[in-house]
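J.: Sending over a structure as structure tokens; questions will come in a sec.
The numbers here are math on the coordinates, done by the rules we state, and not lab data. Since the structure is predicted, the reported quantities are computational estimates derived from the model, not experimental observations. FYI the Cβ positions are ideal-geometry reconstructions off the backbone, even for glycines, and counts take in every protein chain you see.
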Amino acid sequence: MRKVLLTGASGGIGTRLRKLLRPLYPELILSDLMIPADLLPGETFVPADLADFGAVRRAVEGVEGIIHLGGHSVEGPWDTILNANIIGTYHLFEAAHQAGVKRAVFASSNHAVGFYPRAETIGVNEMVRPDSRYGVSKAFGEALAAFYAFKHGIGSFCIRIGNMDDRPVDQRRLSIWLSPDDLVALIRIGLEMPGLVHEIVYGMSDNERAWWNNERAHELGYRPRDRAEDHAAEALAAQAKLPPDPVGDIFQGGAFCSAEFSGLLEQIKKA
Ligand code: 15L
């Protein structure tokens with residue numbers, strides 16, 4: 001695969017991934033609302049507001065595969081989530097379908113299942129338990145990816161990203177950390193694996209404290225190279241400086257669970 005579109009190219013993950021993806025996909029096309037500040041000569045940028053179908057249609061024209069990181073990457077007001085993540089992701093898949101694109105990697109999130117307790121290990125067959133409007137939009141994106149896969153033949157690969165960063169920054173991230181190189185390894189499976197129909201995997205490195213069973217990713221050939229535990233001492237020292245979070249400390253989604261929380265804590269702990 002040569003011509004690949006990366007949406008959200010100016011965001012945190014997109015900025016890191018650009019450099020790693022460029023040698024793999026020689027005609028990488030970058031897209032976002034705003035041009036990356038450090039765009040290099042030779043990099044191709046197509047501006048697109050995901051809420052503008054015409055602009056999205058132009059961005060996907062002629063590409064072989066899409067890595068969809070674009071949209072709003074944390075919790076936000078409903079209108080923001082609706083436009084950037086719900087309508088935006090629909091535009092992306094619909095434009096891909098109309099343009100005949102046959103592969104899409106969707107950056108889903110751990111927040112689609114954030115209300116599972118940390119004490120539980122979950123796979124990809126449990127019901128979604130979004131912890132935020134943002135998490136709901138990621139569950140929607142996974143459903144949309146399945147729809148376009150089964151209905152229209154877009155091989156789709158959803159990565160429930162934990163936290164992609166250079167290193168895990170606190171205790172929760174020791175369980176869900178994903179290194180940039182390991183994310184690239186997952187993206188390559190999503191774009192390049194022959195015959196892929198629709199898959200959901202967890203985006204995490206080789207984490208001893210994982211809450212997720214990532215067997216499916218391993219079956220598909222994923223071999224993470226980085227280990228959160230190598231950074232445990234610093235992450236736990238950083239955690240010791242943080243205040244306790246009576247809701248967020250129980251559930252996998254952390255602060256996304258405690259924000260705006262007005263639920264029945266004792267009941268949901270046992271659900
Ligand atoms: C996400 O989905 C966010 O995009 C990122 O900013 C982090 O908050 C991450 O989850 C996390 O759960 O740590």
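J.: Looking at (1) surrounded by 15 or more Cβ atoms within 10 Å (Cβ to Cβ); (2) assigned to a loop (DSSP other than H, G, I, E, B), which one does His231 not meet, given that it meets all the others?
T.: (2)
J.: Going by the conditions given, is Pro224 surrounded by 16 or more Cβ atoms within 10 Å (Cβ to Cβ) and closer than 28 Å to Arg18 by Cα?
T.: Working: surrounded by 16 or more Cβ atoms within 10 Å (Cβ to Cβ): yes; closer than 28 Å to Arg18 by Cα: yes.
Answer is yes for this residue.
J.: Right, here's the next one. Across the stretch 68-97, what is the number of residues that are within 13 Å of Val136 (Cα to Cα) and among the aromatic types (Phe, Trp, Tyr)?
T.: Of the residues in the stretch 68-97, 1 are within 13 Å of Val136 (Cα to Cα) and among the aromatic types (Phe, Trp, Tyr).
J.: Could you grab me the full set of residues in the stretch 247-263 that are surrounded by 10 or more Cβ atoms within 10 Å (Cβ to Cβ) and out of contact with any helix residue (DSSP H, G or I) (no Cβ under 7 Å at 6 or more places or on another chain)? Reasoning before the result, please.
T.: Just the residues of the stretch 247-263 that are surrounded by 10 or more Cβ atoms within 10 Å (Cβ to Cβ), to begin with: 247-261, 263.
Asp249, Ala255, Cys257, Ser258, Ala259, Glu260, Phe261, Gly263, listed by residue number.
J.: Show the residue pairs that are 6+ apart or on different chains and have beta-carbon atoms under 8 Å apart, the first residue being within the stretch 147-176 and over 15 Å from Ala210 (Cα atoms), the second being within 14 Å of the ligand (Cβ to nearest atom) and of a type in the set (D, E, K, R).
T.: Cys158/Glu142; Asp165/Arg173
J.: Can you find a residue that is surrounded by fewer than 22 Cβ atoms within 10 Å (Cβ to Cβ), within 16 Å of the ligand (Cβ to nearest atom), hydrophobic (A, V, I, L, M, F, W, C) and part of a helix (DSSP H, G or I) anywhere in the stretch 181-194?
T.: no
J.: Among what's in the stretch 114-129 and is among the charged types (D, E, K, R) and more than 10 Å from Gly254 (Cα to Cα), pick the residue that is surrounded by the most Cβ atoms within 10 Å (Cβ to Cβ). Before you say what the answer is, go through the steps one by one.
T.: Step one: list which residues in the stretch 114-129 are among the charged types (D, E, K, R), which gives 118, 120, 126, 129.
Then drop every residue that is not more than 10 Å from Gly254 (Cα to Cα), which leaves 120, 126, 129.
Working: Glu120: 11, Glu126: 11, Arg129: 21.
The extreme case among them is Arg129.
J.: Scanning the stretch 7-36 for residues that are within 16 Å of the ligand (Cβ to nearest atom), crowded, with 19+ Cβ neighbours inside 10 Å and of a type outside the set (Ser, Thr, Tyr), which turns out farthest from the chain's Cα centre (by Cα)?
T.: The selected residue is Asp32.
J.: Select from the stretch 62-81 the residues that are more than 24 Å from Val197 (Cβ to Cβ) and in contact with a strand residue (DSSP E or B) (Cβ under 9 Å, 6 or more places away or on another chain) and list them in ascending order.
T.: Taking the stretch 62-81 and keeping what is more than 24 Å from Val197 (Cβ to Cβ), we get 72-81.
Passing the criteria: only Ser73.
J.: Against the conditions (1) within 14 Å of the ligand (Cβ to nearest atom); (2) over 15 Å from Asn163 (Cα atoms), where does Leu265 fall short? Just the number, please.
T.: Failing condition for Leu265: (1).
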